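FYI, it's all coordinate maths here, none of it is from the lab. As the structure is a computational prediction, the values presented were derived from the model and not from experiment. Here Cβ is always computed from backbone atoms with ideal geometry, including for glycine, and neighbour counts include all displayed protein chains.
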Amino acid sequence: MHPVFRRPALRYLVSVALLFALAGCSPDAALPSTTLASASQPTASGSPFAASPSPVATSPAPILEPPTGRIAFIRDSDIYLVDADGTNLVRLTNDPEVESNLVWQLDGSKLFFVWQSYGNPYQVHLASIEATGDGRRELGVTLQDAGRSSRSPDGQSMVLEGDGSPGSGIGVLSLATGIWSPLTKDGGTYARWSPDGRQIAYALIGRGLGLIDLVEGGEPTIIGVVVSALEGWTPDGRGLIYQTCGQTKDSCRFVSITIDAPYQPIPYSGPPAPWPSLASPDGAWVATTKPEGLFVARLGGDEVRLPGSPALIWLDGGPIWSSDSNWIAFVGHDEAFTNSPLVVASVFGGDVREVAVGAQGTDAAWQPVRR
């Protein structure tokens, strides 16, 4: 197998192994029965996901406008666009490179992304392309293998995290000028913008949390805690939500900690298991994908499974939030792992839509709402 696909394939096999190993786990083991009821939601015609009873929140869901905007995702190593309602599927690129790490410009007119070549798979390059498929531009930046990327709250910059390996780290790209600014080479990963965009927090796996002050500059502040993953910031911007794990799955928990000394950790009663999670843009929710379905928790509240969410979720792919924090997109699988649909679900439950098939991994991005 070519090195370009070596690590994604390994994560895929580990994901499959975890699914079968946990097949006997109860999906409602961590859910308080006083706030949950058993319900079943119909799936769309032709969907590979069979509806089954599952614990869901009993409070009435608000009536939402249909999801809007477009979702960019990767299929067969190329970039595709699809409307959030499942219409207007368009192939944006058609080339031999392997593309990933999609980030929209704030006005939704342009995508920035990372690409790797088969000839040199451990170097990544930055590029942009118009949402129409025209105007591809190479930014002249070549880096060591990278992790995920995300746009700053003001839409002016994109952070690209390292993959945890020595020499990789955190860097910021100006979406207006295309200028790249490397910030660390300490193996930092799980980069998360503060709500005001003035700081970037990141994880040093097993070693601590890093804080980069983009206004004051200087060396990163390191908070010495045992970290397995960094989920995001608290809504007030004064704390971080991170995951810490021991030797077993059951030992994992979420913790919030203040970013000012003496860095007081506070137990976080949200998702208890080590599955891919991501805080919503408004900071009020954490969504977690698990083999049993899609789960959401309000900050400091109980975790519940969204009704109608599929039984199997791509373990390497965390959820993708809409700009208004009302909708989540994620990649699912049927039991034979023969289909990988891009699914959109209301965070309040009751509305689950399969909008495309053949999606890959975590590399998807919801187009910002035009203002």
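Would you mind counting up the charge near G169? Only other residues with Cβ under 14 Å from its Cβ, with Lys and Arg at +1 and Asp and Glu at -1. Don't skip to the answer; put the middle values down first.
Numbers: positive: R148, K185, R207; negative: D145, E161, D163, D186, E219.
Its environment carries a net charge of -2.
Based on a Kirkwood Rh over C-alpha pairs, give the Stokes-Einstein translational diffusion coefficient of region 65-129 at 4 °C and viscosity 1.567 mPa s in µm²/s.
For the chosen part, D equals 102 µm²/s.
With all distinct Cα pairs included, what does the Kirkwood hydrodynamic radius of region 91-176 come out to in Å, to one decimal, could you say?
Details: mean 1/r = 0.0757 Å⁻¹.
Across region 91-176, the inverse of the average 1/r is 13.2 Å.
Separation of region 62-89 and region 117-189 by C-alpha centroid, Å?
Cα centres, region 62-89 to region 117-189: 23 Å.
Once the piece of chain linking I266 and T68 is laid out straight, how much longer is it, given 0.36 nm per residue of separation minus the C-alpha distance between them?
Value of the extension gain: 67.6 nm.
How far apart, in nm, are the 7 Å Cα→Cβ label points at D85 and T132?
A separation of 2.4 nm, rounded to one decimal place.
Bin all alpha-carbon pair distances of region 123-167 at 5 Å intervals from 0 and give each bin's fraction as a whole percent.
Reading the bins upward from 0: 5, 17, 21, 25, 21, 8, 2, 1.
Based on a Kirkwood Rh over C-alpha pairs, give the Stokes-Einstein translational diffusion coefficient of region 188-229 at 37 °C and viscosity 0.692 mPa s in µm²/s.
Values: Rh = 10.3 Å.
Translational diffusion coefficient: 319 µm²/s.
Taking the Cα-to-Cβ direction at I179 and at R238 and moving 7 Å from each Cα, how far apart do the two end points lie in nm?
Result: 3.5 nm between the two label points.
Give the value in nm², to one decimal: projected area of the alpha carbon convex hull of region 207-253, averaged over all directions. Don't skip to the answer; put the middle values down first.
Working: hull surface 15.9 nm².
For region 207-253, averaging the hull's shadow over all directions gives 4.0 nm².
Given region 175-260, report the % of alpha carbon pairs whose separation exceeds 16 Å. Kindly include the intermediate steps, with their values, before the conclusion.
Working: 1934 of 3655 pairs.
Of the Cα pairs, 53 percent sit more than 16 Å apart.
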